Amino acid sequence: MTTIIDTKGLTKHYGHVHALDGLDLQVEEGQVHGFLGPNGAGKSTTIRILLGLARATGGEVSVFGQDPWRDAVALHRRISSIPGDVSLWPNLSGGEAIDFLSRLRGAGRGDATYRAEKERLLEVFQFDPRKKGRAYSKGNRQKVALIAALAVPAELYIFDEPTSGLDPLMEVVFRHEVARVKDAGATVLLSSHILSEVERLCDRVSIIRAGRIAESGTLAELRHLTRSEVSFEATDIAVLDGIPGIHDPRFEDGRAAFTVDSDAVGGVLPALGARNVAGLRVAPPSLEELFLRHYGDDIADEEALAAAGGAAASRRASRATR
């Protein structure tokens with residue numbers, strides 16, 4: 001399988017801040033690849049480098065076998081992207097902004113195929129293109145970017161938090177559009193901090209933490225990361241005895257709780273039904289819970305080291321001013 005995006009030991013430093021610290025990321029042709037991590041992990045920095053908007057400090061990076069910094073113009077003919085924070089020209093209407101952005105990617109004024117696709121997307125995203133950019137909400141600004149990105153076919157789509165500001169109905173529409181471009185043979189890199197969004201869409205997932213890839217694999221390979229939280233009203237933890245496949249059993253505030261692999265929830269429910277439990281809740285893990293559960297000790301160590309480094313720097317500065 002052809003590798004579309006390939007980074008090895010990628011670094012990006014802003015002074016003493018290491019936004020990327022040895023990132024190894026591979027995205028294969030025809031896949032929807034989830035790029036998952038909390039805010040500040042380095043997702044947007046990576047995307048800026050892949051789009052040729054920032055220059056790497058070190059390491060190797062290639063997109064379609066080319067250097068995104070040196071070959072940005074050629075690569076942008078093959079790439080469609082959505083930024084994490086969409087801004088619009090205040091005096092242009094939404095339709096004018098879509099046309100302008102699409103022309104930058106090769107759509108002609110008289111292109112009937114483009115016009116038909118734009119009208120289809122305007123309808124499915126329920127978007128009014130007549131209002132001025134200054135009148136749009138965050139969700140509608142996001143729709144402008146989505147429609148412009150999807151109206152002209154691309155070989156690679158790079159989406160940075162694409163559903164930010166969208167309501168649940170529009171999120172469903174977006175998922176259908178991602179499936180459509182994948183079926184057409186395109187590759188998608190989807191950056192998100194929403195675990196459930198990545199689970200629904202992606203063939204493969206890379207988890208970034210502190211500028212490095214913490215884990216990468218198919219959803220099946222990373223299934224251990226996606227345990228659901230189950231809790232119910234109880235008087236003590238003994239009620240959990242004999243329930244198969246549970247992890248992290250605990251009792252707090254009048255509720256028994258445990259985690260279970262998401263694909264094993266169905267096997268747990270009959271055991272809970274036999275106990276006539278009340279107030280049952282089943283919730284997928286938030287990204288924050290996932291990171292605390294699997295990387296909490298490492299994060300605490302890093303924070304302690306950072307604090308120690310900051311204290312040492314403060315002492316050096318204090319001595320220098322004496």
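Site pair Arg103 and Trp69 shows an inter-label distance of 3.3 nm when each label is modelled 7 Å from Cα along Cα→Cβ. Extending 7 Å from the Cα toward the beta-carbon at both Asp167 and Ala184 defines two label points whose distance is 2.7 nm. Efficiency by 1/(1 + (r/R0)^6): what FRET value for Gln126 and Asp248, r their Cβ-Cβ distance, R0 = 41 Å, to the nearest 0.05? The calculated FRET efficiency here is 0.45. A simple spin-label model places the labels of Glu229 and Glu199 1.3 nm from each other, with each point 7 Å out along Cα-to-Cβ. Extension gain, Leu53 to Ala264: 0.36 nm times the residue separation minus the Cα-Cα distance gives 71.6 nm. The antiparallel fraction among DSSP beta bridges confined to the chain stands at about 70%. From least to most packed, judged by other beta carbons within 10 angstrom and beginning with the fewest, Lys43, Lys182, Lys8 follow the order Lys8, Lys182, Lys43. Just tell me which aspartates and glutamates come within less than 19 Å, Cα to Cα, of Lys131; anything on the same chain fewer than 8 places away is out. Correct list for Lys131: Glu96, Asp99, Glu119, Glu123.
Placing unit charges on each Cβ (+1 for Lys and Arg, -1 for Asp and Glu) gives region 25-174 a dipole about its Cα centre, and among Tyr136, Pro38, Leu146 the Cα reaching farthest toward its positive end belongs to Tyr136.
If you plug the beta carbon distance of Glu29 and Arg255 into 1/(1 + (r/R0)^6) with R0 = 35 Å, you get a FRET efficiency near 0.15. Using a cutoff of 8 angstrom between alpha carbon atoms and counting only pairs six or more residues apart, the relative contact order for the chain works out to 19 percent.
By DSSP, the beta bridges lying fully in region 66-211 are antiparallel in about 10 percent of cases. Secondary-structure-derived ellipticity at 222 nm for the chain, considering helices only, amounts to -11500 deg cm²/dmol, per-run term -39500 (n - 2.57) for DSSP H runs with n ≥ 4.
Values in this text are rule-based calculations from the coordinates and carry no lab data. Nothing here was measured: the structure is a model prediction, and the numbers come from that model. Every residue, glycine among them, receives a Cβ derived from its backbone with ideal geometry; neighbour counts consider all protein chains shown.
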